[in-house]
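The values are calculated or read from the model by the stated rules, or taken from the named source; none is laboratory data. Just so it is clear, the structure is predicted and the values come from calculations on it, not from any experiment. Cβ placement follows ideal geometry from the backbone for every residue including glycine, while neighbour counts extend to all protein chains displayed. When the accessible area is computed, the model is the full protein with side chains, heavy atoms only, and any ligands, DNA or RNA have been set aside. Shrake-Rupley method; radii C 1.70, N 1.55, O 1.52, S 1.80 Å.
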Amino acid sequence: TSGAEALDGIRVQMPDLILLDLMMPEMDGLEVCRRLKADPLTQAIPVIFLTASNEMEHLVKGFEMGAVDYVTKPFNPPELLARVRTHLELKHARDTIVRYGQELSRLNEEKNEFMGIAAHDLRNPLSAIQGYAEMMVEDADALARGEVKDLKACAAELDGNGRKIGAAAKRMVEMVQN
């Protein structure tokens, strides 16, 4: 019966849609709508104005305040129900999109965390591969320059480093497959 009563009622139970009379005692519908749209908790609630006024100024002001539709009084019940149904469906669709967006954000954060863990786990075998490969290149360079005295020991070292590279690469493949 009044704007203040409407605002109090919303604190008790959050509605999916509000039918709001433009002209009410104490606080008119425009002010109630302005307050609803200023509050993050209620700004997504669709507001349909019921008005006896056909003045374009009132209707435009209602839309500027955040109303989604209006119905003139006396209203046709099937028309009002159709508009309410349409705006409830739109609100539920928007709510679903918001929920999906939040879920996608959560999944994206989870993926990023997983990728960070995977990168961290792959860093150790990659470092080993890099280190053993550098040692093999140094040994090959020493061989090419004729600086190696014990060819058997050098061959064994090259073989060992190659096997270590193979083992590290195998660990990385297993990690990626897992």
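Yes/no per residue for (1) modelled with pLDDT of 90 or more; (2) farther than 30 Å from residue 44 by Cβ; (3) not in a helix (DSSP H, G or I):
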{"position": "93", "(1), (2), (3)": "yes, no, no"}
{"position": "101", "(1), (2), (3)": "yes, no, no"}
{"position": "124", "(1), (2), (3)": "no, yes, no"}
{"position": "138", "(1), (2), (3)": "yes, yes, no"}
{"position": "159", "(1), (2), (3)": "yes, yes, no"}
{"position": "172", "(1), (2), (3)": "no, yes, no"}
{"position": "176", "(1), (2), (3)": "no, yes, no"}
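Just to be sure before I move on: is residue 138 free of Cβ contacts under 8 Å to residues at least 24 places away in the same chain and either polar (S, T, N, Q) or open to solvent by 90 Å² or more (accessible area, probe 1.4 Å) (or both) in the structure I sent? Reasoning before the result, please.
Details: free of Cβ contacts under 8 Å to residues at least 24 places away in the same chain: yes; either polar (S, T, N, Q) or open to solvent by 90 Å² or more (accessible area, probe 1.4 Å) (or both): yes.
Answer is yes for this residue.
Any idea which residue in the stretch 5-43 is farthest from residue 74 (Cα to Cα), counting only those that are among the small types (Gly, Ala, Ser) and loosely packed, with under 15 Cβ neighbours inside 10 Å? Quick ask: steps written out before the conclusion?
Taking the stretch 5-43 and keeping what is among the small types (Gly, Ala, Ser), we get 6, 9, 29, 38.
Of the ones still in play, those that are also loosely packed, with under 15 Cβ neighbours inside 10 Å are 9, 38.
On the way: 9: 25, 38: 30 Å.
If we take residues in the stretch 5-43 being among the small types (Gly, Ala, Ser) and loosely packed, with under 15 Cβ neighbours inside 10 Å, then 38 is farthest from residue 74 (Cα to Cα).
Pairs, please: C-beta under 7 Å, at least 6 apart or cross-chain, first residue over 15 Å from residue 128 (Cβ atoms) and open to solvent by less than 50 Å² (accessible area, probe 1.4 Å) and in the stretch 151-170, second at pLDDT 90 or above and of a type in the set (A, V, I, L, M, F, W, C)?
Close Cβ pairs (under 7 Å, with a partner that is at pLDDT 90 or above and of a type in the set (A, V, I, L, M, F, W, C)) amount to 158/136.
Look through 41, 22, 81, 50 and report the one residue that is hydrophobic (A, V, I, L, M, F, W, C) and modelled with pLDDT of 95 or more. Break it down stepwise before answering.
Numbers: 41 fails: modelled with pLDDT of 95 or more; 22 fails: modelled with pLDDT of 95 or more; 50 fails: modelled with pLDDT of 95 or more.
Residue meeting the stated conditions: 81.
State yes or no: is residue 49 of a type in the set (A, V, I, L, M, F, W, C), closer than 24 Å to residue 2 by Cβ and open to solvent by 50 Å² or more (accessible area, probe 1.4 Å)?
When the stated conditions are applied, residue 49 does not pass them.
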